[in-house]
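A quick write-up on the structure given underneath.
The values are calculated or read from the model by the stated rules, or taken from the named source; none is laboratory data. Just so it is clear, the structure is predicted and the values come from calculations on it, not from any experiment. Methodologically, a virtual Cβ is constructed for each residue, glycine included, from the backbone with ideal geometry; neighbour enumeration extends over all protein chains shown.
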Amino acid sequence: MSSSNKDNVRTQFGSNAAHYVSSSWHAGGKDLKKLIEIAQLNGTEQVLDVATGGGHVANAMAPFTREVTAFDLTSEILAAAKAFHQKNGRSNVKYIQGDAEKIPFSDKVFDVVTCRIAPHHFPNLNAFISETSRVLKEGGQFLLIDNTAPEAQELDEFYNEVEKRRDYSHYRAWKKSEWIKFIETAGFEIEEWHRFPKTFIFDDWCSRMNLSDEKKTSLAQYMLNAAPVCHKKFNIVTKGETVYSFQGESILLKALKP
């Protein structure tokens, strides 16, 4: 990551760490359940959870694997995740601070690498994918979840602008076609793909980032003034003179390293 973007991520997630542990979107969700299901774990795996955030993937993986390494750029996030795991009795999770684009581990040491709702913060996505491939053993699994942008350029630009206005550490939500290109170009074989529609309650979604009333109002106006095609695609629901909710999507991708 660029140094400025790293600083933005540290600031945003450092000051909002507790919100990500308690967030219902991150703590639960059909995507997390499906991730565990398709991983086909046997209890011997060494797992690396990149950009662990609130630690929900690590928490879900720990009972079914030998060891999980929770890896994140932000020390406050790691502390919050550790407290969450200890509360849940997880004893096989360790915590390492570092950059997803420069993973500080030897080659071919992990059976599984996971990353959930984080790559839209990574400016150099190819570096992250390359590093994931490097630390995975042959036959290892790459399990990825992230929000995606629509293929149509106008809708792509609108969605990424909305995300950026809400969270200045947002870099880019990628199109599904871009993910396929990135993953396959890095040499992975895509084995499974799942789509999850997501309805965001606007006030809760903004509060998770401690957005000021002024910025929240500005963002709502930007969405309200959007073209009809954006209102239709994202199912923007209004309440009075503001936004009540809108819909996005995430994908879960399982790829294997040959």
Study note, to complete from the structure: Sole miss for R90 among (1) without any contact (Cβ under 8 Å) to a residue 40 or more places away in the chain; (2) closer than 16 Å to E178 by Cα is condition (2)
Practice item. Go through segment 167-197 and give me each residue that's loosely packed, with under 15 Cβ neighbours inside 10 Å, within 15 Å of the chain's Cα centre (by Cα) and charged (D, E, K, R). Key: R195
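For every residue, the table says whether it meets (1) touching a strand residue (DSSP E or B) at 6+ places or on another chain (Cβ under 6 Å); (2) of a type in the set (D, E, K, R); (3) more than 14 Å from I117 (Cβ to Cβ).
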{"residue": "G140", "(1), (2), (3)": "yes, no, yes"}
{"residue": "L144", "(1), (2), (3)": "yes, no, no"}
{"residue": "N147", "(1), (2), (3)": "yes, no, no"}
{"residue": "E154", "(1), (2), (3)": "no, yes, yes"}
{"residue": "F158", "(1), (2), (3)": "no, no, yes"}
{"residue": "E161", "(1), (2), (3)": "no, yes, yes"}
{"residue": "K164", "(1), (2), (3)": "no, yes, yes"}
{"residue": "E184", "(1), (2), (3)": "no, yes, yes"}
Check your understanding: If you take the residues in segment 218-251 that are modelled with pLDDT of 95 or more and of a type in the set (G, A, S), which one is nearest to the chain's Cα centre (by Cα)?
Key -> S250
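Take residues that are at pLDDT 95 or above, surrounded by fewer than 23 Cβ atoms within 10 Å (Cβ to Cβ) and not charged (D, E, K, R) and tell me which of the strands (runs of 3 or more DSSP E) falling wholly in segment 11-101 contain 3 or more.
On the way: elements: 46-50, 67-72, 93-97.
Answer list for segment 11-101: 93-97.
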Revision key, fill the gap. Note on segment 162-202: residues in contact with an Asp or Glu (Cβ under 9 Å, 6 or more places away or on another chain) and charged (D, E, K, R) are R172, K175, K176, R195, K198
Review point. If you check every pair at least six apart or on different chains, which have Cβ atoms under 8 Å apart with a residue in segment 235-258 that is without any contact (Cβ under 8 Å) to a residue 12 or more places away in the chain first and a residue that is surrounded by 15 or more Cβ atoms within 10 Å (Cβ to Cβ) second?
Key: V237/V243; V237/S245; V237/F246
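Could you please give the count of residues in segment 224-258 that are of a type in the set (D, E, K, R) and farther than 16 Å from E151 by Cβ?
Just the residues of segment 224-258 that are of a type in the set (D, E, K, R), to begin with: 232-233, 239, 241, 249, 254, 257.
Imposing the further condition that a residue be farther than 16 Å from E151 by Cβ reduces the set to 239, 241, 254, 257.
Within segment 224-258, residues that are of a type in the set (D, E, K, R) and farther than 16 Å from E151 by Cβ number 4.
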Review point. Can you name every residue in segment 150-174 that is without any contact (Cβ under 8 Å) to a residue 40 or more places away in the chain and in contact with a His (Cβ under 9 Å, 6 or more places away or on another chain)?
Key: N160, K164
Review point. So is F128 aromatic (F, W, Y), part of a helix (DSSP H, G or I), within 24 Å of G98 (Cα to Cα) and at pLDDT 95 or above or not?
Key: yes
Revision key, fill the gap. Of (1) on the phi < 0 side of the Ramachandran plot; (2) surrounded by fewer than 16 Cβ atoms within 10 Å (Cβ to Cβ); (3) touching a residue at least 24 places away in the same chain (Cβ under 8 Å), N210 fails just (1)
